[in-house]
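Here's the structure we're looking at; comments come further down.
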Amino acid sequence: MELIDLSHTVTDVMITYPGLPGPVITEHLTFADSRDRYEPGTEFAIGRIDMVANTGTYLDTPAHRYPEGHDLSALSLHRCAIVPGVVVDCGQAIGPEAFDGLDVHDRAVLLHTGWDRHWGTEAYGDPGHPFLTEDGAQLLVDAGARLVGIDSVNIDHTGGGTRPAHSVLLAAGIPVVEHLTGLSGLPARGFTFTAVPPAVRGLATFPVRAFAAVG
């Protein structure tokens, strides 16, 4: 079985989404400072990271959009672990026609736009990025998708203040994974997808190590 990493590496002060601060990665306890706590030859390091939840490749639960929606602590592993996947090659505005003839029922639907090639540049946050339309999102809800992911800066068009794809998918309890990368290395089907965040009560979004298992 081949495991294919689909996540961006989180690095100090990197920018994931324009306007949000990057993570600050420091040491809470250094090896040198730990030596006073242990016997000679025994030492440990404890790291610290301060970040917004929307950092790197992350998963959104319904509480990201709706106050009454469930948060990370109530996310079912069946939604985000070992889910049969399908990769859909997409254009700029991803509508229902992108899914013609595809069986997306009970699958992780991964939208491959190629926008991850801009990661780490100003172009990544450009409002002209690929996105899922409201009608496209509704089709995925009606067809019974289990999870939806995209390799773009946002699953919604960010030129205005509405977020219909988030609204439709999260209202249906379908988690959204954004900022995927490496989808070009996956087959169209015949793999499982996993993107599991920690079960944090009171948080709606958190980074994940997203990967596919092929074979």
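The values are calculated or read from the model by the stated rules, or taken from the named source; none is laboratory data. Note that this is a predicted model, so its numbers are computed, not measured. Cβ sites come from the backbone with ideal geometry, for glycine too, and all protein chains shown count toward neighbours.
List of remarks:
- On inspection, G101 does not qualify as in a loop (DSSP other than H, G, I, E, B) and touching a Pro at 6+ places or on another chain (Cβ under 7 Å).
- Region 115-127, subset under 20 Å from A212 (Cβ atoms) and in contact with a helix residue (DSSP H, G or I) (Cβ under 8 Å, 6 or more places away or on another chain), residue surrounded by the fewest Cβ atoms within 10 Å (Cβ to Cβ): D116
- Residue, surrounded by the fewest Cβ atoms within 10 Å (Cβ to Cβ), within region 94-107, restricted to residues that are over 16 Å from the mean Cα position of the chain (by Cα) and not hydrophobic (A, V, I, L, M, F, W, C): G101
- Which listed residue is over 13 Å from the mean Cα position of the chain (by Cα) and not hydrophobic (A, V, I, L, M, F, W, C), from D116, D156, D151: D156
- Enumeration of residues in region 76-98 that are in a loop (DSSP other than H, G, I, E, B) and in contact (Cβ under 8 Å) with a residue 24 or more places away in the chain: A81, I82, C90, G91, Q92, G95
- Residue check for P130: closer than 25 Å to P18 by Cα, crowded, with 23+ Cβ neighbours inside 10 Å and either modelled with pLDDT of 95 or more or β-branched (V, I, T) (or both): no
- Criterion: hydrophobic (A, V, I, L, M, F, W, C) and surrounded by fewer than 20 Cβ atoms within 10 Å (Cβ to Cβ) - qualifying residue of L72, L110, L77: L77
- Test set (1) in contact with a helix residue (DSSP H, G or I) (Cβ under 8 Å, 6 or more places away or on another chain); (2) farther than 19 Å from N154 by Cα; (3) assigned to a loop (DSSP other than H, G, I, E, B) - P18 fails condition number: (2)
- Residues satisfying the stated conditions in region 133-177, i.e. touching a residue at least 40 places away in the same chain (Cβ under 8 Å), surrounded by 24 or more Cβ atoms within 10 Å (Cβ to Cβ) and among the acidic types (D, E): D151
- Matching option when the condition is free of Cβ contacts under 8 Å to residues at least 24 places away in the same chain, of a type in the set (V, I, T) and farther than 21 Å from P130 by Cβ, among T30, T61: T30
- Considering each residue of region 3-20 in turn, at least one proves to be surrounded by 15 or more Cβ atoms within 10 Å (Cβ to Cβ), over 24 Å from E122 (Cβ atoms) and touching a Leu at 6+ places or on another chain (Cβ under 9 Å).
- Top-ranked residue in region 178-215 [being within 14 Å of V86 (Cα to Cα) and among the aromatic types (F, W, Y); ranked as surrounded by the fewest Cβ atoms within 10 Å (Cβ to Cβ)]: F211
- Test for R48: is it free of Cβ contacts under 8 Å to residues at least 24 places away in the same chain, part of a strand (DSSP E or B) and either within 20 Å of the chain's Cα centre (by Cα) or surrounded by fewer than 16 Cβ atoms within 10 Å (Cβ to Cβ) (or both): yes
- Checked against the criterion of being at pLDDT below 95 and under 14 Å from I155 (Cα atoms), the candidates G95, G125, G136, G91 yield just one match: G91.
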